[in-house]
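Visitor: Let me begin by handing over the structure; questions about it come next.
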Amino acid sequence: MSKRAQFKVGDSIFYPSAGVGVIQSVEDIYVAGKFEPCYVILIPETRMVIRVPKGNIERNGIRPLLNERKLKELFKVLAARSSRKRVTGGNWTERCKEIERKINSGSCMELGEVVRDLMRWKKQSGLSFEESMLLETACGYLAREVAAIQGIGMDAARDRISNYVGVN
């Protein structure tokens, strides 16, 4: 992001490692010997409340929800051919760490790649328990964002994602 993201109360945002949230308020919090304005973010899915100093928004990967153009790009990523094949054997812990890094990056395109690849791997040869959990997390984040943007339910958003990936 070239310019610093500014949010107002009521804005929906995407918080990496938590999903879709809503800015509830802005509060001054006493941090390191001074008062600092913080966004108070509610994650409705888990009812978690997070306070993030305004100056740390970009560093934490918090971003606005996708606009229509970015949503179309995401759907193209979901429908595209996988950029890499699943390697059976090898170091699965490293593969899972890389998948987790992508999930928590805040990038909707990386999240889309993870969902696409894991859904296809699941259909082809199944997933390990950890990969299944990562797919559930990534798909949940993506479905909540698609549902919020398009004003549809979670099930409809998951179906839409599956249709683009081509695993229905």
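The values are calculated or read from the model by the stated rules, or taken from the named source; none is laboratory data. Everything numeric here is computed off the predicted structure, so don't read it as measured data. Cβ: placed from backbone, ideal geometry, glycine included. Neighbour counts: every protein chain shown.
Visitor: Mind checking whether some residue in segment 104-111 is within 17 Å of R144 (Cβ to Cβ), in contact (Cβ under 8 Å) with a residue 60 or more places away in the chain, assigned to a loop (DSSP other than H, G, I, E, B) and out of contact with any Lys or Arg (no Cβ under 7 Å at 6 or more places or on another chain)?
Guide: Initial filter on segment 104-111 (within 17 Å of R144 (Cβ to Cβ)): 104-111.
Right, trim to in contact (Cβ under 8 Å) with a residue 60 or more places away in the chain and you get 104-106, 108.
Still in the running and assigned to a loop (DSSP other than H, G, I, E, B): 104-106.
Now narrow it down to the ones that are out of contact with any Lys or Arg (no Cβ under 7 Å at 6 or more places or on another chain): 104-105.
Yes, because at least one residue in segment 104-111 is within 17 Å of R144 (Cβ to Cβ), in contact (Cβ under 8 Å) with a residue 60 or more places away in the chain, assigned to a loop (DSSP other than H, G, I, E, B) and out of contact with any Lys or Arg (no Cβ under 7 Å at 6 or more places or on another chain).
Visitor: If C96 satisfies every condition in (1) over 14 Å from the mean Cα position of the chain (by Cα); (2) under 22 Å from A18 (Cα atoms); (3) not in a helix (DSSP H, G or I) but one, which is the exception?
Guide: Single failed check for C96: (3).
Visitor: While we're here: Within segment 48-93, can you find the residues that are at pLDDT 90 or above, part of a loop (DSSP other than H, G, I, E, B) and touching an Asp or Glu at 6+ places or on another chain (Cβ under 9 Å)?
Guide: Correct list: L65, L66, A80.
Visitor: Which of the numbered conditions does T137 fail, given that it passes all the others? Conditions: (1) out of contact with any Asp or Glu (no Cβ under 8 Å at 6 or more places or on another chain); (2) part of a helix (DSSP H, G or I); (3) closer than 18 Å to K76 by Cβ.
Guide: (3)
Visitor: Then there's this: Please verify whether segment 29-43 includes one or more residues that are of a type in the set (V, I, T), under 20 Å from T137 (Cβ atoms) and surrounded by 12 or more Cβ atoms within 10 Å (Cβ to Cβ). Give the derivation first.
Guide: Within segment 29-43, the subset of a type in the set (V, I, T) is 29, 31, 40-41, 43.
Filter once more, so that each one left must be under 20 Å from T137 (Cβ atoms): 41, 43.
Then drop every residue that is not surrounded by 12 or more Cβ atoms within 10 Å (Cβ to Cβ), which leaves 41, 43.
For segment 29-43, residues of a type in the set (V, I, T), under 20 Å from T137 (Cβ atoms) and surrounded by 12 or more Cβ atoms within 10 Å (Cβ to Cβ): present.
Visitor: Moving on. Could you list all residues from segment 22-46 that are free of Cβ contacts under 8 Å to residues at least 40 places away in the same chain and under 17 Å from the mean Cα position of the chain (by Cα)? So that I can check it myself, show each step before the final result.
Guide: First, the residues of segment 22-46 that are free of Cβ contacts under 8 Å to residues at least 40 places away in the same chain: 22-44, 46.
Listed by number, the residues that qualify are V22, I23, I41, L42, I43, P44, T46.
Visitor: Report, by residue number, each residue of segment 1-25 that is loosely packed, with under 15 Cβ neighbours inside 10 Å and in a strand (DSSP E or B).
Guide: If the condition is that a residue be loosely packed, with under 15 Cβ neighbours inside 10 Å and in a strand (DSSP E or B), then S25 is the only one that fits.
Visitor: Name the one entry in R81, R101, R116, R144 that is touching a strand residue (DSSP E or B) at 6+ places or on another chain (Cβ under 8 Å) and basic (K, R). Lay out the reasoning, then the answer.
Guide: Working: R81 fails: touching a strand residue (DSSP E or B) at 6+ places or on another chain (Cβ under 8 Å); R101 fails: touching a strand residue (DSSP E or B) at 6+ places or on another chain (Cβ under 8 Å); R116 fails: touching a strand residue (DSSP E or B) at 6+ places or on another chain (Cβ under 8 Å).
The conditions single out R144.
Visitor: Let me ask something else about it. Checking V49 against (1) outside the structural domain of R144 (by TED's automatic domain parsing); (2) within 19 Å of I149 (Cα to Cα); (3) in contact (Cβ under 8 Å) with a residue 24 or more places away in the chain: exactly one of these is not met. Which one?
Guide: If we test V49 against (1) outside the structural domain of R144 (by TED's automatic domain parsing); (2) within 19 Å of I149 (Cα to Cα); (3) in contact (Cβ under 8 Å) with a residue 24 or more places away in the chain, just (2) comes out false.
Visitor: Is it fair to say F35 is at negative phi and part of a loop (DSSP other than H, G, I, E, B)? So that I can check it myself, show each step before the final result.
Guide: Numbers: at negative phi: yes; part of a loop (DSSP other than H, G, I, E, B): no.
So F35 fails the test.
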